[in-house]
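The values are calculated or read from the model by the stated rules, or taken from the named source; none is laboratory data. Everything numeric in this text was worked out from a predicted model, so none of it was measured. These area figures cover heavy atoms from the full protein model, side chains too; ligands, DNA and RNA do not enter into them. Shrake-Rupley method; radii C 1.70, N 1.55, O 1.52, S 1.80 Å.
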Amino acid sequence: MKTLGAAHRPLRELVADELRQRILDGRITQGSRVIEDRIAEELGVSRNPVREAIRALESEGLVEVTPRRGVVVTVISAEEAHDLIEVRAALEVTAVRRAAARGVDPAVLAELAEIVATGSQAAIAGEFERLPMLNTRFHDLLARGSGNGALVEVLRDLQNRLQLLFSTGVQRRSGGAWDEHRRILDAIRAGDADWAEAEMRSHIRGAASRYEDTRAGVAAATDGAT
């Protein structure tokens, strides 16, 4: 098996990429401990690049380092989740309205369509680990289509927290989300800002509902196990 130690990029970046992906696709869940020795052994590296990677993920808000518990994947509270969803709604509604009104480059529209097709196929196939990154790419391109650089940067600053919020547990319930993405794209292609806004608001309400359903399911499972 090829290890990260055989690659040419700085090990801290490779390790950070791998840990970030594991967290955001749900393989390492919120509240789980990240054990340096175990990660180093799995990836075929020393502990130093693992420590450096953890510091990078801490700065991104994906892990927390505490004296007693060590390194733990960040847990997003219900209150913070609602705040993130509210901010996301305000920003992304602005983005799609601007994108629809000003028009989006045909190459970007083609890439958006390809992402929607790939995401739909992955959801049908049960390849849920692929969906968070596809979803992030779709929304990042929409933001870029707005032509507002400040909006793009703010959304990117929130990106990891949003991905953590809508990790694989939520994505398992998200088959309809890709139909919602398709309708948003149709509205932007049509240049209809009101339609684009309505579809984005509906999409975010759907995402919030899927999050609540997943959170309730986790709570019920935890209660049943105690």
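Under a 10 Å cutoff between Cα atoms, tell me which one of Glu41, Glu64, Glu18 has the largest fluctuation in the Gaussian network model of the chain.
Result for the chain, Cα springs under 10 Å: Glu41 fluctuates most.
Counting only the heavy atoms of the protein chains, how much of Leu165 is accessible to a 1.4 Å probe, in Å² to the nearest 10?
Using a 1.4 Å probe on the heavy atoms, I get roughly 10 Å².
Express the Stokes-Einstein translational diffusion coefficient of segment 77-191 in µm² s⁻¹, to the nearest whole number, given a Kirkwood radius over alpha-carbon pairs, 4 °C and a viscosity of 1.567 mPa s.
Roughly 90 µm²/s, to the nearest whole number.
Tell me the Kirkwood radius of segment 3-130: reciprocal of the mean inverse pair distance over distinct alpha-carbon atoms, in Å.
Kirkwood hydrodynamic radius for segment 3-130: 17.5 Å.
Tell me which residues come under 5 Å, amide H to amide H, from Val63 once H is placed; ignore anything under 5 positions away on its chain.
Long-range HN contacts for Val63: Glu58, Thr74.
Take the solvent-accessible surface of the protein heavy atoms, probe 1.4 Å, and return the percent of it on segment 70-177 that carbon and sulfur atoms account for.
In segment 70-177, the share of accessible area belonging to carbon and sulfur is 53 percent.
When you have a sec, figure out the Kirkwood radius of segment 19-70 from all distinct Cα pair distances and drop it here in Å to one decimal? All intermediate terms of the calculation are to be shown ahead of the outcome.
On the way: mean 1/r = 0.0880 Å⁻¹.
Evaluated over segment 19-70, this radius sits at 11.4 Å.
Per residue, what accessible area does the chain have, given a 1.4 Å probe and all protein chains present, in Å²?
Heavy-atom accessible area per residue stands at 51 Å².
As a test question: what accessible area, to the nearest 10 Å², does Arg9 have when a 1.4 Å probe is rolled over all protein chains in place?
Near enough 110 Å² of accessible area.
When the convex hull of the C-alpha atoms of the chain is computed, what volume per residue in Å³ does it have?
Given the Cα convex hull of the chain, per-residue volume reads 148 Å³.
Sorted by accessible area with a 1.4 angstrom probe, largest first, how do Ile23, Ile35 fall?
Ile35, Ile23
Given the DSSP H assignment, sum -39500 (n - 2.57) over each helix run of at least 4 residues in the chain and divide by its residue total; what's the result at 222 nm in deg cm²/dmol, nearest 500?
Values: 10 runs with 165 residues, N = 226.
Per the formula, -24500 deg cm²/dmol.
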